[in-house]
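First comes the structure, then the notes that go with it.
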Amino acid sequence: MVALTKLIAAHIAKDPFVYDGHSWCALPQQDVASALAISVENIRRLIGKPPIVRDHTHKDGKPIVLLRIGERGPKTKKQVQKHLANIWRSITGKTIVGRQFGHLGGMVDAWGLDKAPDILRLVLKDWSYFMAGVDVAIAKLGDDGYKRFYEYPSTSVILRFNTVAVEMYIMHQQEKHGLNADIGGLWFAS
């Protein structure tokens, strides 16, 4: 572990990769493994332990793992967006691309850093229930609304009708916990 932390610190000092407000080591795992004369599997095991913090992004169009020494700070919007993208992929089997990632950011803004994963998971698992709420919301819009039924989840629909998702979450929490439901900070305008 000591050799790995020294390698990370040396690479950050020599060629830092600035991302999300931190300087990172942006070496491929294979290069790190070769430099330390251990297997890539051992590198993967080691980078999952403190004091090493890791993240993922793209560099020159290729996915890379970022490493730094320190403590994981508070959640950022981008981290929660990535988490929502993982939830989306695990439930729908589809990958978030392009504009859809921005839609996830809008969901984080609307629902908050802590509640967004739970709300998205609930909406995706009970899509037909969410779409029933969307149907009611569109009816309230009158001539400004156009009724459609999306058989498969859509990030743009979820973002546009994020208050329906909040209402669905609150009802789910009340059903599950009664009057002690945790709706902390969530509100919506009817």
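The values are calculated or read from the model by the stated rules, or taken from the named source; none is laboratory data. The structure displayed is predicted, hence computed values, not measured ones. Heads up, the Cβs are rebuilt from the backbone with ideal geometry, glycines too, and the neighbour counts pull from every protein chain shown. Heads up: the accessible areas ignore ligands, DNA and RNA and are worked out on the full protein's heavy atoms, side chains in. Shrake-Rupley method; radii C 1.70, N 1.55, O 1.52, S 1.80 Å.
Checked against the criterion of being in contact with a Ser or Thr (Cβ under 7 Å, 6 or more places away or on another chain) and open to solvent by less than 70 Å² (accessible area, probe 1.4 Å), the candidates Leu66, Leu84 yield just one match: Leu66.
Hey, does the stretch 95-105 have a residue that's of a type in the set (A, V, I, L, M) and either in a helix (DSSP H, G or I) or surrounded by 18 or more Cβ atoms within 10 Å (Cβ to Cβ) (or both)? Yes, some residue in the stretch 95-105 is of a type in the set (A, V, I, L, M) and either in a helix (DSSP H, G or I) or surrounded by 18 or more Cβ atoms within 10 Å (Cβ to Cβ) (or both).
Taking the stretch 79-101 as the range and being over 11 Å from the mean Cα position of the chain (by Cα) and within 15 Å of Ile158 (Cβ to Cβ) as the test, the residues that pass are Ile91, Thr92, Lys94, Arg99, Gln100.
The residues of the stretch 119-145 that are touching a helix residue (DSSP H, G or I) at 6+ places or on another chain (Cβ under 7 Å) and either open to solvent by 40 Å² or more (accessible area, probe 1.4 Å) or modelled with pLDDT of 85 or more (or both), listed by number, are Ile119, Leu120, Arg121, Leu122, Val123, Leu124, Lys125, Tyr129, Phe130, Gly133, Val134, Ala137. Residues in the stretch 19-47 that are open to solvent by 50 Å² or more (accessible area, probe 1.4 Å) and farther than 11 Å from Arg68 by Cα: 13 in all.
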